[in-house]
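Here's the structure we're looking at; comments come further down.
The values are calculated or read from the model by the stated rules, or taken from the named source; none is laboratory data. All figures in this text were calculated on a predicted structure; none of them were measured in a lab. Cβ sites come from the backbone with ideal geometry, for glycine too, and all protein chains shown count toward neighbours. The protein model used for the area step is the full one, side chains on, heavy atoms only, and it has no ligands, DNA or RNA in it. Shrake-Rupley method; radii C 1.70, N 1.55, O 1.52, S 1.80 Å.
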Amino acid sequence: MDALCGALRTLATDSNKHRAKADRRRQRATFRAVLRFVEGGDCEEETVRFGLEALYVDSWARRRVYAAFKDVLGSGLHHHLQNNELLRDVFGLGPALVLDAAALKACKVSRFEKHLYNAAACKARTKARSRVRDKRADVL
């Protein structure tokens with residue numbers, strides 16, 4: 001087990017220059033997650049929301065299947081998760097939801113509510129930034 005963890009740590013910190021930067025980043029992230037699973041036994045859960053539904057990726061097998069479909073379908077993955085029967089069967093989502101325009105409009109957040117949320121988030125970021133700046137000013 002120690003040898004396996006050592007090999008995973010080496011792969012998680014690999015910095016070979018002959019590989020592309022994006023490939024190295026992806027490799028390190030993957031092996032860090034594998035090492036975390038081997039050492040602690042925990043797998044990161046990921047929730048993918050599309051429309052009114054959500055897909056829970058909670059195991060390594062589901063993560064690999066989701067990643068493969070994500071690479072192949074790209075930005076159309078959410079549309080396929082909503083409508084494609086085969087993809088819904090693979091992930092166990094059941095039959096596709098059929099919603100009329102009134103139901104879709106009822107579940108949408110209004111433009112004004114989005115504006116209020118964004119304004120509150122911006123104000124919180126500004127306050128947090130100013131607190132950090134105040135601390136830096138005291139140090140200098």
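Checking each residue in segment 38-55 for being over 13 Å from residue 78 (Cβ atoms) and in contact with a helix residue (DSSP H, G or I) (Cβ under 9 Å, 6 or more places away or on another chain) picks out 38, 39, 42, 43, 44, 46. Return the residues of segment 72-88 that are surrounded by 12 or more Cβ atoms within 10 Å (Cβ to Cβ) and touching a Pro at 6+ places or on another chain (Cβ under 9 Å); say none if nothing qualifies. Within segment 72-88, 88 is the sole residue that qualifies.
Quick one: is residue 52 aliphatic (A, V, I, L, M), closer than 30 Å to residue 105 by Cα and over 17 Å from the mean Cα position of the chain (by Cα)? Yes; evaluated as a whole, the condition is true for this residue.
Might you check whether a residue that is modelled with pLDDT of 90 or more and either in contact with a Pro (Cβ under 7 Å, 6 or more places away or on another chain) or part of a helix (DSSP H, G or I) (or both) occurs anywhere in segment 46-67? Within segment 46-67, one or more residues are modelled with pLDDT of 90 or more and either in contact with a Pro (Cβ under 7 Å, 6 or more places away or on another chain) or part of a helix (DSSP H, G or I) (or both).
Scanning segment 1-45 for residues that are in a helix (DSSP H, G or I) and among the β-branched types (Val, Ile, Thr) returns 10, 30, 34, 38. Out of curiosity, is residue 109 open to solvent by 50 Å² or more (accessible area, probe 1.4 Å), in contact (Cβ under 8 Å) with a residue 24 or more places away in the chain and among the β-branched types (Val, Ile, Thr)? No.
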